[in-house]
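For reference, the structure is listed below as C-alpha coordinates.
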Amino acid sequence: MQDEALLIRRILDGRTELFRQLAGRYAVEVLRMVARLIPSQEEAEEATQDTLLEAFQSLARYDSRQASFKTWLMRIAYYTALKHYRKRHQSVTIVEMEQQWLNSIPDNEADALLDDTSADRVELMERAIDTLKPDDQMLLSLYYFDNRPIREISSITEHEESYLRSRLQWIRKKLAITIKTLESNEK
(Lines give C-alpha, C1' and ligand atoms only; values in the text may rest on other atoms or scores of the structure.)
Protein backbone atom coordinates (compact mmCIF):
# COMPACT_ATOMS: atom_id res chain seq x y z
CA MET A 1 0.00 0.00 0.00
CA GLN A 2 1.58 3.25 -1.21
CA ASP A 3 0.03 5.32 1.57
CA GLU A 4 1.37 2.86 4.13
CA ALA A 5 4.90 2.94 2.67
CA LEU A 6 4.90 6.75 2.80
CA LEU A 7 3.65 6.69 6.38
CA ILE A 8 6.40 4.25 7.39
CA ARG A 9 9.05 6.43 5.71
CA ARG A 10 7.76 9.48 7.57
CA ILE A 11 7.87 7.62 10.89
CA LEU A 12 11.43 6.48 10.20
CA ASP A 13 12.36 10.05 9.27
CA GLY A 14 11.44 11.18 12.78
CA ARG A 15 7.67 11.69 12.74
CA THR A 16 7.25 8.98 15.37
CA GLU A 17 3.85 10.31 16.44
CA LEU A 18 2.47 8.93 13.14
CA PHE A 19 3.05 5.38 14.36
CA ARG A 20 -0.19 5.65 16.32
CA GLN A 21 -2.04 6.14 13.04
CA LEU A 22 -0.28 3.18 11.43
CA ALA A 23 -0.79 0.88 14.42
CA GLY A 24 -4.41 1.98 14.73
CA ARG A 25 -5.17 0.35 11.40
CA TYR A 26 -4.37 -3.10 12.78
CA ALA A 27 -4.65 -2.89 16.58
CA VAL A 28 -8.12 -4.49 16.74
CA GLU A 29 -7.04 -7.37 14.48
CA VAL A 30 -3.90 -7.91 16.57
CA LEU A 31 -5.97 -7.94 19.76
CA ARG A 32 -8.45 -10.40 18.23
CA MET A 33 -5.68 -12.80 17.25
CA VAL A 34 -3.88 -12.54 20.58
CA ALA A 35 -7.12 -12.96 22.54
CA ARG A 36 -7.72 -16.36 20.97
CA LEU A 37 -4.70 -17.69 22.84
CA ILE A 38 -4.89 -15.39 25.85
CA PRO A 39 -8.54 -15.19 26.92
CA SER A 40 -7.91 -12.76 29.79
CA GLN A 41 -8.82 -9.34 28.36
CA GLU A 42 -6.18 -7.62 30.48
CA GLU A 43 -3.40 -10.02 29.42
CA ALA A 44 -4.49 -9.88 25.77
CA GLU A 45 -4.38 -6.09 25.83
CA GLU A 46 -0.92 -6.24 27.43
CA ALA A 47 0.30 -8.63 24.71
CA THR A 48 -1.18 -6.33 22.07
CA GLN A 49 0.66 -3.34 23.54
CA ASP A 50 3.87 -5.38 23.64
CA THR A 51 3.32 -6.27 19.98
CA LEU A 52 2.88 -2.65 18.95
CA LEU A 53 5.89 -1.54 21.00
CA GLU A 54 8.03 -4.24 19.40
CA ALA A 55 6.80 -3.19 15.95
CA PHE A 56 7.66 0.44 16.67
CA GLN A 57 11.12 -0.45 17.96
CA SER A 58 11.77 -2.76 14.99
CA LEU A 59 10.22 -0.65 12.25
CA ALA A 60 13.61 0.16 10.69
CA ARG A 61 14.08 -3.58 10.06
CA TYR A 62 10.75 -3.97 8.27
CA ASP A 63 11.22 -4.95 4.61
CA SER A 64 8.15 -4.52 2.41
CA ARG A 65 9.67 -6.88 -0.18
CA GLN A 66 9.39 -9.80 2.26
CA ALA A 67 5.89 -9.22 3.63
CA SER A 68 3.15 -6.64 3.89
CA PHE A 69 3.24 -4.49 7.00
CA LYS A 70 0.10 -6.24 8.25
CA THR A 71 1.66 -9.70 7.87
CA TRP A 72 4.89 -8.51 9.49
CA LEU A 73 2.90 -7.08 12.41
CA MET A 74 0.88 -10.29 12.77
CA ARG A 75 4.15 -12.26 12.90
CA ILE A 76 5.24 -10.12 15.84
CA ALA A 77 1.80 -10.62 17.44
CA TYR A 78 2.04 -14.39 16.94
CA TYR A 79 5.37 -14.67 18.75
CA THR A 80 4.38 -12.16 21.43
CA ALA A 81 1.16 -14.07 22.17
CA LEU A 82 3.06 -17.36 22.44
CA LYS A 83 5.59 -15.76 24.78
CA HIS A 84 2.85 -14.33 27.01
CA TYR A 85 0.97 -17.61 27.02
CA ARG A 86 4.02 -19.62 28.01
CA LYS A 87 4.98 -17.14 30.71
CA ARG A 88 1.52 -17.13 32.29
CA HIS A 89 0.56 -20.79 31.78
CA GLN A 90 3.66 -22.80 32.47
CA SER A 91 1.73 -25.33 34.53
CA VAL A 92 -0.91 -26.17 31.89
CA THR A 93 -0.97 -29.86 31.02
CA ILE A 94 -0.48 -30.43 27.32
CA VAL A 95 -1.72 -33.69 25.82
CA GLU A 96 0.86 -35.46 23.67
CA MET A 97 -0.34 -38.41 21.67
CA GLU A 98 1.68 -41.17 20.18
CA GLN A 99 1.88 -41.14 16.42
CA GLN A 100 0.27 -44.57 16.13
CA TRP A 101 -2.87 -43.23 17.82
CA LEU A 102 -3.04 -40.40 15.34
CA ASN A 103 -2.57 -42.81 12.44
CA SER A 104 -5.42 -44.96 13.74
CA ILE A 105 -8.14 -42.41 13.04
CA PRO A 106 -9.12 -41.95 9.38
CA ASP A 107 -9.28 -38.38 8.05
CA ASN A 108 -12.98 -38.61 7.24
CA GLU A 109 -13.81 -39.80 10.78
CA ALA A 110 -11.86 -36.90 12.29
CA ASP A 111 -13.61 -34.48 9.93
CA ALA A 112 -17.05 -35.87 10.84
CA LEU A 113 -16.38 -35.54 14.56
CA LEU A 114 -15.16 -31.97 14.19
CA ASP A 115 -17.95 -30.89 11.85
CA ASP A 116 -20.60 -31.75 14.46
CA THR A 117 -21.75 -28.39 15.86
CA SER A 118 -24.15 -29.63 18.53
CA ALA A 119 -23.82 -27.81 21.86
CA ASP A 120 -22.29 -30.82 23.62
CA ARG A 121 -19.73 -31.36 20.84
CA VAL A 122 -18.77 -27.66 20.74
CA GLU A 123 -18.16 -27.71 24.51
CA LEU A 124 -15.97 -30.81 24.13
CA MET A 125 -14.16 -29.17 21.21
CA GLU A 126 -13.32 -26.15 23.35
CA ARG A 127 -11.98 -28.40 26.10
CA ALA A 128 -9.97 -30.38 23.55
CA ILE A 129 -8.47 -27.22 22.06
CA ASP A 130 -7.31 -26.19 25.53
CA THR A 131 -5.17 -29.35 25.68
CA LEU A 132 -3.22 -28.43 22.54
CA LYS A 133 0.18 -26.78 22.52
CA PRO A 134 -0.04 -22.98 22.23
CA ASP A 135 1.53 -23.09 18.75
CA ASP A 136 -1.21 -25.48 17.58
CA GLN A 137 -3.92 -23.34 19.16
CA MET A 138 -2.60 -20.31 17.27
CA LEU A 139 -2.44 -22.26 14.02
CA LEU A 140 -6.08 -23.29 14.44
CA SER A 141 -7.02 -19.73 15.22
CA LEU A 142 -5.25 -18.28 12.19
CA TYR A 143 -6.61 -20.85 9.75
CA TYR A 144 -10.12 -21.67 10.96
CA PHE A 145 -11.22 -18.61 12.92
CA ASP A 146 -9.40 -15.84 11.03
CA ASN A 147 -9.67 -17.63 7.65
CA ARG A 148 -6.13 -16.71 6.72
CA PRO A 149 -4.61 -18.44 3.70
CA ILE A 150 -1.79 -20.93 4.31
CA ARG A 151 0.64 -18.64 2.44
CA GLU A 152 0.01 -15.80 4.90
CA ILE A 153 0.18 -18.14 7.91
CA SER A 154 3.49 -19.39 6.55
CA SER A 155 4.80 -15.86 6.52
CA ILE A 156 3.48 -15.14 10.02
CA THR A 157 4.77 -18.34 11.63
CA GLU A 158 7.87 -18.74 9.46
CA HIS A 159 6.95 -22.39 8.72
CA GLU A 160 6.76 -23.99 5.27
CA GLU A 161 3.29 -24.24 3.74
CA SER A 162 3.56 -28.03 3.40
CA TYR A 163 4.41 -28.32 7.11
CA LEU A 164 1.39 -26.19 8.03
CA ARG A 165 -1.01 -28.26 5.91
CA SER A 166 0.29 -31.44 7.48
CA ARG A 167 0.20 -29.93 10.96
CA LEU A 168 -3.41 -28.83 10.53
CA GLN A 169 -4.41 -32.38 9.60
CA TRP A 170 -2.57 -33.77 12.65
CA ILE A 171 -4.27 -31.19 14.89
CA ARG A 172 -7.69 -32.22 13.56
CA LYS A 173 -6.88 -35.84 14.38
CA LYS A 174 -5.61 -34.92 17.85
CA LEU A 175 -8.80 -33.00 18.52
CA ALA A 176 -10.96 -35.89 17.30
CA ILE A 177 -9.16 -38.38 19.55
CA THR A 178 -9.31 -36.00 22.51
CA ILE A 179 -13.04 -35.47 21.97
CA LYS A 180 -13.65 -39.22 21.79
CA THR A 181 -11.64 -39.67 24.99
CA LEU A 182 -13.54 -36.90 26.79
CA GLU A 183 -16.86 -38.43 25.66
CA SER A 184 -15.94 -41.88 26.89
CA ASN A 185 -14.71 -40.47 30.22
CA GLU A 186 -18.04 -38.75 30.77
CA LYS A 187 -20.08 -41.93 30.22
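The values are calculated or read from the model by the stated rules, or taken from the named source; none is laboratory data. Being a predicted model, the structure only gives us computed values, none of them experimental. Ideal geometry is used to build each Cβ from the backbone, glycine not excepted, and the neighbour counts take in all protein chains shown. The protein model used for the area step is the full one, side chains on, heavy atoms only, and it has no ligands, DNA or RNA in it. Shrake-Rupley method; radii C 1.70, N 1.55, O 1.52, S 1.80 Å.
When a 1.4 Å probe is rolled over the protein heavy atoms, the share of accessible surface on the chain that falls to carbon and sulfur comes to 48 percent.
So what is the accessible area of segment 113-187 per residue, in Å², with the probe set to 1.4 Å?
Details: 3920 Å² over 75 residues.
Averaged over the residues of segment 113-187, the accessible area is 52 Å².
Within segment 8-49, the percentage of alpha carbon pairs spaced more than 14 angstrom apart rounds to 52%.
Other residues lying with their Cβ under 10 Å from the Cβ of T178 contribute a combined charge of +2, Lys and Arg counting +1, Asp and Glu -1. Rounded to the nearest 10 degrees, the angle from helix 161-186 to the longest Cα principal axis of the chain is 40 degrees. When only the Cβ of Lys, Arg, Asp and Glu is charged (+1, +1, -1, -1), the dipole of the chain relative to its Cα centre reaches about 580 debye. Suppose R0 equals 30 Å; then what is the FRET efficiency for E45 and Q21 from their Cβ-Cβ distance, rounded to the nearest 0.05? Given R0 = 30 Å and the Cβ-Cβ separation, E is 0.95. With a cut-off of 13 Å between beta carbons, the residues surrounding S155 carry a summed charge of 0, where Lys and Arg count +1 and Asp and Glu -1.
Taking label points 7 Å from Cα along the Cα-to-Cβ direction, R9 and D115 give a separation of 5.1 nm.
Volume of the convex hull of segment 43-88 (Cα atoms only), normalised per residue: 62 Å³. Along its principal axes, the chain has C-alpha extents of 63, 33, 27 angstrom, given from the largest down.
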